[in-house]
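So the structure is just underneath, and the comments pick up after that.
The values are calculated or read from the model by the stated rules, or taken from the named source; none is laboratory data. Bear in mind that the values here come from a model prediction, so they are computed numbers and not experimental data. So basically every Cβ, Gly included, is an ideal-geometry build from the backbone, and we count neighbours across all protein chains shown. All accessible areas refer to the heavy atoms of the entire protein, side chains included, with ligands and DNA or RNA removed. Shrake-Rupley method; radii C 1.70, N 1.55, O 1.52, S 1.80 Å.
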Amino acid sequence: MNIVETAVNHGSFKTLVAAVTAAELAETLSGEGPFTVFAPLDDAFAALPAGTVDSLVQPENKEKLQGILTYHVIAGKVLSTDLTDGMKAKTVNGAEITIQLKDGKVLINDAEVVVADVQTDNGVIHAISKVLMPA
């Protein structure tokens, strides 16, 4: 299964899948890749201010949503064993994220990786605890 199919099957990424669909990125993330996706869990989206997700999935906010979602994607397949403390990685949207290894935890900016290395046919998913917002 590809990244999108894996996210749908997982069951904890319903909001992410809806957002990827609204942003018209499902076809891209179902493509050849490989991609590394730092995927916010449904709880991460629920923690955003009220109305944020509903606003972002509106057609007039598609570009903004695409920018946020592509900030969660790195070209190539990066496993947890490839991550080093202080590492910076360029995301598909062009901005960088910072990886920190602290107290046995992996942080992507300030989001904790809660499930690592979910293998897919076209890359890998790392479930994270927060939605990453580009500057």
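A few remarks follow.
- Residue in segment 34-42 that is open to solvent by 30 Å² or more (accessible area, probe 1.4 Å), at negative phi, more than 15 Å from the chain's Cα centre (by Cα) and at pLDDT 95 or above present: no
- Some residue of segment 99-121 being farther than 20 Å from residue 3 by Cβ and either in contact with a helix residue (DSSP H, G or I) (Cβ under 7 Å, 6 or more places away or on another chain) or of a type in the set (Phe, Trp, Tyr) (or both): no
- Single unsatisfied condition, residue 63 versus (1) modelled with pLDDT under 95; (2) over 22 Å from residue 106 (Cβ atoms): (1)
- Residue match in segment 68-78 (condition: open to solvent by 20 Å² or more (accessible area, probe 1.4 Å) and in a helix (DSSP H, G or I)): yes
- Condition broken by residue 12, with the remaining ones in (1) among the polar types (S, T, N, Q); (2) in a helix (DSSP H, G or I); (3) in contact with a Leu (Cβ under 7 Å, 6 or more places away or on another chain) satisfied: (2)
- Qualifying residue in segment 67-90 (condition: among the acidic types (Asp, Glu), at pLDDT 95 or above, over 17 Å from residue 3 (Cβ atoms) and within 16 Å of the chain's Cα centre (by Cα)): no
- Members of segment 1-28 found to be modelled with pLDDT under 95 and closer than 16 Å to residue 132 by Cβ, listed by number: none
- Count of residues meeting criterion [open to solvent by 40 Å² or more (accessible area, probe 1.4 Å) and farther than 21 Å from residue 31 by Cβ] in segment 110-127: 5
- Which listed residue, of 130, 64, is under 11 Å from the mean Cα position of the chain (by Cα), within 27 Å of residue 49 (Cα to Cα), surrounded by 13 or more Cβ atoms within 10 Å (Cβ to Cβ) and basic (Lys, Arg): 130
- Residue that is open to solvent by 80 Å² or more (accessible area, probe 1.4 Å), modelled with pLDDT of 95 or more, among the aliphatic types (A, V, I, L, M) and closer than 24 Å to residue 21 by Cα, where the choices are 95, 47: 47
- Total residues in segment 93-126, condition touching a Phe, Trp or Tyr at 6+ places or on another chain (Cβ under 8 Å) and either free of Cβ contacts under 8 Å to residues at least 12 places away in the same chain or not in a strand (DSSP E or B) (or both): 3
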